[in-house]
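Note sheet for the following structure.
None of the figures in this text is laboratory data; all of them are computed from the coordinates on show. In this text, all values refer to a predicted model and were calculated from it rather than measured experimentally. Here the Cβ is made from the backbone with ideal geometry for all residues, glycine too, and neighbour counts use every protein chain on show.
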Amino acid sequence: MTAQQKMKTALEKAGIPFKAIECYGSQIVVTSFSADAANKWAALLGKFATVRGITHSYDDAVENKGTCLKPTMVEVYRTFARI
């Protein structure tokens, strides 16, 4: 198990809601559905890493309810950190 996989499993056990956690190299990106959860992730990651910022974005929904020309999007917040 690599260090990134260990970090990902440790962050998944934090108890804060998330959509996805990505760890690659020295970077950590946590995608969540609310700004409140993103702020909680920033506080947690700030204890051992440098928080680079929180961005507001849109992701494709799991189930597309529109047409292929106008896909269904979901509002997400991404928290970026560097160890």
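Of note:
- Directionally averaged shadow of the chain, computed from the convex hull of its alpha-carbon atoms, nm²: 6.2
- Counting other Cβ atoms within 10 Å as a rough exposure proxy, the listed residues MET1, MET73 run MET1, MET73 from fewest neighbours to most.
- Measuring nothing but how far apart in sequence close Cα pairs (under 8 Å, 6+ apart) lie, relative to its length, the chain scores a relative contact order of 30 percent.
- Highest-MSF residue in the chain out of THR67, THR50, THR31 [GNM, Cα springs under 10 Å]: THR67
- Note on LYS13: aspartates and glutamates with a C-alpha under 20 Å away, same-chain residues under 8 apart excluded, are GLU22, ASP36.
- Overall, the chain carries a charge dipole of about 300 debye about its Cα centre when +1 sits on the Cβ of Lys and Arg and -1 on the Cβ of Asp and Glu, all other atoms neutral.
- Label point distance in nm, GLN5-ALA20, each placed 7 Å from Cα along Cα→Cβ: 2.0
- With Cα atoms, 0 to 90° folded angle of helix 35-45 axis to the chain main axis: 20
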